[in-house]
1. Rounded if a/c is under 1.5, else prolate if a/b beats b/c, else oblate: with a ≥ b ≥ c from the C-alpha gyration tensor eigenvalues square-rooted, which is the stretch 36-109?
2. Given 0.36 nm per residue, what is the gain on full extension from residue 224 to residue 275 after removing their alpha carbon distance, in nm?
3. Compute the separation of the alpha-carbon centres of the stretch 127-159 and the stretch 53-113 and state it in Å as a whole number.
4. Can you work out the PRE-style zone for residue 292? Point 7 Å along Cα to Cβ, and I want the residues of the stretch 59-77 with backbone N under 14 Å.
5. Taking the simple approach of a point 7 Å from Cα along Cα-to-Cβ for both residue 114 and residue 216, what is their distance in nm?
6. What is the packing order of peptides 178-188, 265-275, 88-98, 156-166, taking the mean over residues of other C-beta atoms within 10 Å and listing the highest first?
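Only the coordinates and a few stated rules stand behind these numbers; no lab work does. Since this is a predicted model, take the numbers as computed values, not measurements. Positions of Cβ are generated from backbone atoms using ideal geometry, with glycine treated the same way; all protein chains shown enter the neighbour counts.
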């Protein structure tokens, strides 16, 4: 099993024959807890005290958010207070702080916007549009098939059999097989994966999913280009882009309909759903360690916004809290 499949699957959660049937049964018999996932990440990626359990390698940045008020989010404090400060962190998939920047696959983004009253609104996303599994049990079962045996070898056939028996994994695995290396964090689109709601003062609810579009366009590297890149290039590339041009991202909200699932992050909504802009984030600086102790929990939102009942989204808060506690205590 390729390393980028392992890292993509792990970071999908923070930033998806007889042996497989047995694994599937076991996964569905046991209700997975947050600590089960954190421990699984450590088994797959190794223990790295003081670092995040996923997306360990990252780049801090800061900037400003300029809202784009619209009728679907009328009265939202997030969109009613003018320009707001933003703390950001871009990351590479994997549990190692030395994850390979040249490897294709997962890139992540965490963003916290601070409102005047101190309230935070968090956006946490990845560069893949679908999650690896419709619930924590399938996700955990999938990860368990990637564990090496007593000889240090994993069994790709076991993993693929599990994927075949669990259709909600298939779109993510397909994405991973076709993924290329991101040219820059500034040229990467990020997806929130989950469904959220906003309730206006008149009681009207807006069902939405968000994605973040880069103003500089999405760019990836071909294998020949990757071969000529230095081992680490993402931080320097981003810093140079900040010097040469404006680096910004537009936060877009896709408006869902009743038939669109709000509990299954492994399913994409139809592309024809209407989209509105929530605002634009312009990055001003990068580097430093200001974001190192920030917990980018996507369930931390400003007034009027609420999370859906998506079981993967609900699992993120306790899993992030456990990882955050371990990181602060150098575990």
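1. Values: a/c = 2.98, a/b = 2.40, b/c = 1.24.
Note, shape of the stretch 36-109 comes out prolate.
2. Gain on extension, residue 224 to residue 275, equals 14.8 nm.
3. Using only Cα atoms, the two centres lie 26 Å from each other.
4. 59-61
5. 2.6
6. Numbers: 178-188: 20.5, 265-275: 15.2, 88-98: 23.3, 156-166: 18.5.
Order by mean packing, descending: 88-98, 178-188, 156-166, 265-275.
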